[in-house]
Amino acid sequence: MQASVLAAGISFSASDNIVVIVVAAVAAIALIIGVVLRQQVLAADEGTQGMRDIGRAVQEGASAFLKRQFRTLAPFIVVVFLVLFALPANSTGELIGRSVAFVVGALFSMAIGALGMNLATQANIRVAAAAREPGGRDKGAKIAFRTGGVVGMATVGLGLFGAAIVVLIFHEEAPRVLEGFGLGAALLAMFMRVGGGIFTKAADVGADLVGKVEQNIPEDDPRNAATIADNVGDNVGDCAGMAADLFESYAVTLVAALILGSVAFGTLGLTYPLIIPAIGVVTAIIGVFITRTREGENALRAINRSFYVSAVISIVLCTIAAFTYLPSSFAELPGVDAARIGDLAAAGNPQIIAFAAVAIGIVLAIVILSLTGYYTGTETQPVKDVGTSSLTGAATVILAGISVGFESAVYTALVIGASVYGAFLLSGSVFVALFAVALAGTGLLTTVGVIVAMDTFGPVSDNAQGIAEMSGDVEGAGADILTELDAVGNTTKAITKGIAIATAVLAATALFGSYNDAITTAYREAGQALGDIYNITAPNLLVGVIIGAAVVFMFSGLAVNAVSRAAGAVVFEVRRQFRDIPGIMDRSARPEYGRVVDLCTRDALRELATPGLLAILAPIAVGFGLGVGPLAGYLGGAIAAGTLMAVFLANSGGAWDNAKKLVEDGNHGGKGSDAHEATIIGDTVGDPFKDTAGPSINPLIKVMNLVSVLIAPAVVALSVGVDANPAVRITIAVVAVLGIAVAIYVSKRRSTAIADSNQDAPATAQA
């Protein structure tokens, strides 16, 4: 693809460099604001000694897990870094830059995840302490939201700064170099999502099944050996994992926009996509600082109000940017590739295209927020219906939650599809239309600072309630405040998952266009006609679609099964402690919390390899084995199935979780009733849905798209032209298939071994 850009004679001007420098400065300001917010959070009261002791245990467990996870992933980063040198590039600088950018993207993803986890484990005790004070609702909500604001500023700051520096150094070669940056961010986010998701849900499910169901004790009762691991899991899964996930969404969307922008808008296509997220930094700062609850107001209303205000400000500023920075005609764009765009007059007005595309993305974020809130909020009918179904048992709770997930997936997919199609219709040129889709993604990401704050709010408030209950130092109105904040957090987490899914689809669609551009360029350089490789009626392309959809199902199954195995191990361990340490129930003995933390850490880390290999090797197997046409079908199938599956898993899990909250608030018999037990079962089913498999699909589809873009030139080179070598191509495909098969086989063998080793454990545990 870069050959087409370079051939067009694009060169950066002094004014272009100034724009990128200003963008980098804005990114630096975001990081400075993050430091200020962090100081404000840490200045709050830490609460009682009991709160601090519990908080310290959570901090130590979370830090230990992340350190072990990063050590586990380090060799993998090195391998991919070296493999990137084997892929085609237009220059040595681009080749080296791409590999280095991969490492930087991976390290940034790690850093943001670690920052989110570290601060959240310090903020949770402060939120619990704030609930005891006058005005506790506002104070607690502000601390939790500003904790997320720190992570949000780091996300937009590092993402934008990294992209700006690459553009400043590499100029026209920046899009291909940024492919490495995006891959590093997406790959590490996927691993952190899977690893953290397995940890948190293994502990959560295990704690609920033994503590709440078998022993009939409260959710965060300190007598439950899995409670510390559960609180640790909230941070490594929802804070570290989601922060990394949203960062990679930010980075990959920028990559897609810059790749297509260099073709559609020339040099301005490498600067304008940076201006939009720079505006997002300003709106994120405003959104974080204006968030405060009014007297008697639910915190969710205050958070939503800040989101809407930020979105409106973004639309206004982005409109001004489009009409002042861009010309009104494609003929006036410097360095535009007219041969690729076609009729410049028919392509449309760049100002209107840019404004409308960004507006579509922002409106999409608003609609997703409302739609997800409707299907997962405690005050709306779907969750009330799931709660009512608890009166007839766990089976009907599960059926009702599945129904909510299926229905919400349809409407969400239609809304996302309408947004993609609306952006696509903005231009008569396919390349410009695809760039418009990418701009819609950057528009959605103008709200990402507030989105990250909303997400982090969830685990911080959840941990605060857990710490309060374990310490016994928060009672009465303070406990009610924390319960309310926890329920709000469940909804905000579900909302941010919905927005992350929408971002993933927009980024993947844009990357799909980048894949097509890479193939077109590779065929032209090989002196071959592209032909009819995208004929939808061709059986081989339809096979690719089926395989792409199947990989999403396989990935989801692996993630859920990993949680099932790890949770089973936690159940046996917690049962063992209740049996072998009789003083636990009368509080004369302390549970062995560390054993459960270690157990979850071990099981989570050993499950990382299989999903990761599937994401990387599957597109390689399809591309080299079946060709670039079926690989395009593969990506289409993965995007379609991934969208529906991710929304279904996230929203059904969110509905089950908040239905449980409804019952615990006194509805349908309240805590300890049969209805409560039924919703607990529903929640345990939903836990791996919404916090492990569902959110992991977001980085999955972007990793597969980026891998496809990177390997496309090599696939074409080995398929057509003078360098065609079917033997090498098929060998690569076979090796990739064998790698997937071995990984899945090992995973299945691990499951069987665990079942065999514990087959007598339940009977022993009940003895």
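The values are calculated or read from the model by the stated rules, or taken from the named source; none is laboratory data. Since we're looking at a predicted model, the values are computed, not measured. Glycine also receives a Cβ, built like all others from the backbone with ideal geometry; neighbour counts cover every protein chain displayed.
Computed values, structure above
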quantity: Given (1) surrounded by 17 or more Cβ atoms within 10 Å (Cβ to Cβ); (2) under 18 Å from Gly441 (Cα atoms); (3) not polar (S, T, N, Q), number of the condition Val404 does not satisfy; calculated: (2)
quantity: Filter result (closer than 15 Å to Pro591 by Cα, of a type in the set (Gly, Ala, Ser) and either within 24 Å of the chain's Cα centre (by Cα) or in a loop (DSSP other than H, G, I, E, B) (or both)) within the range 180-226; calculated: Ala203, Ala225, Ala226
quantity: Some residue of the range 451-469 being surrounded by fewer than 18 Cβ atoms within 10 Å (Cβ to Cβ), farther than 29 Å from Ala321 by Cβ and either of a type in the set (S, T, N, Q) or in contact with a Phe, Trp or Tyr (Cβ under 6 Å, 6 or more places away or on another chain) (or both); calculated: no
quantity: Positions within the range 470-484 being touching a Gly at 6+ places or on another chain (Cβ under 6 Å) and crowded, with 24+ Cβ neighbours inside 10 Å, in sequence order; calculated: Ile481
quantity: Criterion: modelled with pLDDT under 90 and surrounded by fewer than 16 Cβ atoms within 10 Å (Cβ to Cβ) - qualifying residue of Asp532, Asp603; calculated: Asp532
quantity: Qualifying residue in the range 455-462 (condition: closer than 30 Å to Thr283 by Cα, out of contact with any Asp or Glu (no Cβ under 9 Å at 6 or more places or on another chain) and part of a helix (DSSP H, G or I)); calculated: yes
quantity: Qualifying residue in the range 304-325 (condition: assigned to a helix (DSSP H, G or I), closer than 15 Å to Leu444 by Cβ and without any contact (Cβ under 8 Å) to a residue 12 or more places away in the chain); calculated: yes
quantity: Hey, Ile125 in contact with an Asp or Glu (Cβ under 7 Å, 6 or more places away or on another chain), in a helix (DSSP H, G or I) and of a type in the set (A, V, I, L, M, F, W, C) or not; calculated: yes
quantity: Any hit, the range 511-520, residues being of a type in the set (Gly, Ala, Ser), in a helix (DSSP H, G or I) and either out of contact with any Pro (no Cβ under 8 Å at 6 or more places or on another chain) or under 30 Å from Thr283 (Cβ atoms) (or both); calculated: yes
quantity: Ile501 being buried (at least 18 other Cβ atoms within 10 Å of the Cβ), within 30 Å of Phe435 (Cα to Cα) and either in contact (Cβ under 8 Å) with a residue 24 or more places away in the chain or in contact with a strand residue (DSSP E or B) (Cβ under 7 Å, 6 or more places away or on another chain) (or both); calculated: yes
quantity: In the range 66-122, the residues that are among the β-branched types (Val, Ile, Thr), free of Cβ contacts under 8 Å to residues at least 40 places away in the same chain and either outside any helix (DSSP H, G or I) or within 16 Å of Gly184 (Cα to Cα) (or both); calculated: Val78, Val79, Val83, Ile96
quantity: Scan of the range 166-185 for residues that are surrounded by fewer than 24 Cβ atoms within 10 Å (Cβ to Cβ) and at pLDDT 85 or above, ordered by number; calculated: Leu168, Ile169, Phe170
quantity: Subset of the range 292-313 [farther than 15 Å from Asp455 by Cα and of a type outside the set (Lys, Arg)]; calculated: Thr293, Glu295, Gly296, Glu297, Asn298, Tyr308, Val309, Ser310, Ala311, Val312, Ile313
quantity: Any hit, the range 666-675, residues being crowded, with 23+ Cβ neighbours inside 10 Å and at negative phi; calculated: yes
quantity: Output for the range 128-138, where each listed residue is crowded, with 24+ Cβ neighbours inside 10 Å and not in a helix (DSSP H, G or I); calculated: Ala131
quantity: Top-ranked residue of the range 361-388 - restricted to ones that are of a type in the set (Ser, Thr, Tyr) and either outside any helix (DSSP H, G or I) or in contact with a Leu (Cβ under 7 Å, 6 or more places away or on another chain) (or both), ranked as modelled with the lowest pLDDT; calculated: Thr378
quantity: Residue in the range 340-360 that is closer than 20 Å to Val415 by Cβ and either outside any helix (DSSP H, G or I) or out of contact with any Leu (no Cβ under 6 Å at 6 or more places or on another chain) (or both) present; calculated: yes
quantity: Subset of the range 54-107 [aromatic (Phe, Trp, Tyr) and out of contact with any Phe, Trp or Tyr (no Cβ under 7 Å at 6 or more places or on another chain)]; calculated: Phe70, Phe76, Phe85
quantity: Residue in the range 397-412 that is part of a helix (DSSP H, G or I), at pLDDT 85 or above and of a type in the set (Asp, Glu) present; calculated: yes
quantity: Odd one out for Ala229, checked against (1) out of contact with any Cys (no Cβ under 8 Å at 6 or more places or on another chain); (2) of a type outside the set (D, E, K, R); (3) buried (at least 24 other Cβ atoms within 10 Å of the Cβ); calculated: (1)
quantity: Single residue of Leu399, Leu371, Leu391 found to be of a type outside the set (Phe, Trp, Tyr), in contact (Cβ under 8 Å) with a residue 24 or more places away in the chain, surrounded by fewer than 21 Cβ atoms within 10 Å (Cβ to Cβ) and over 30 Å from Thr253 (Cβ atoms); calculated: Leu391
quantity: Residue pairs meeting the criteria (Cβ under 6 Å; at least 6 apart or on separate chains; first in contact (Cβ under 8 Å) with a residue 12 or more places away in the chain, in the range 511-526; second among the acidic types (Asp, Glu) and assigned to a helix (DSSP H, G or I)); calculated: none
quantity: Which listed residue, of Val552, Val505, Val545, is outside any loop (DSSP other than H, G, I, E, B), farther than 21 Å from Asp687 by Cβ, touching a Gly at 6+ places or on another chain (Cβ under 6 Å) and at pLDDT 80 or above; calculated: Val545
quantity: Matching entry among Val715, Val703 (being touching a Lys or Arg at 6+ places or on another chain (Cβ under 8 Å) and crowded, with 17+ Cβ neighbours inside 10 Å); calculated: Val715
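Results for (1) assigned to a helix (DSSP H, G or I); (2) modelled with pLDDT of 90 or more, shown as yes or no for each residue.
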| site | (1), (2) |
| --- | --- |
| Met645 | yes, yes |
| Phe648 | yes, yes |
| Trp656 | yes, yes |
| His668 | yes, no |
| Lys671 | no, no |
| Pro695 | yes, no |
| Pro699 | yes, no |
| Val703 | yes, no |
| Ile711 | yes, yes |
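Residues checked against (1) at pLDDT 85 or above; (2) among the acidic types (Asp, Glu); (3) over 28 Å from Ile366 (Cβ atoms):
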residue: Phe435; (1), (2), (3): yes, no, no
residue: Ala477; (1), (2), (3): no, no, yes
residue: Val488; (1), (2), (3): no, no, no
residue: Thr496; (1), (2), (3): no, no, no
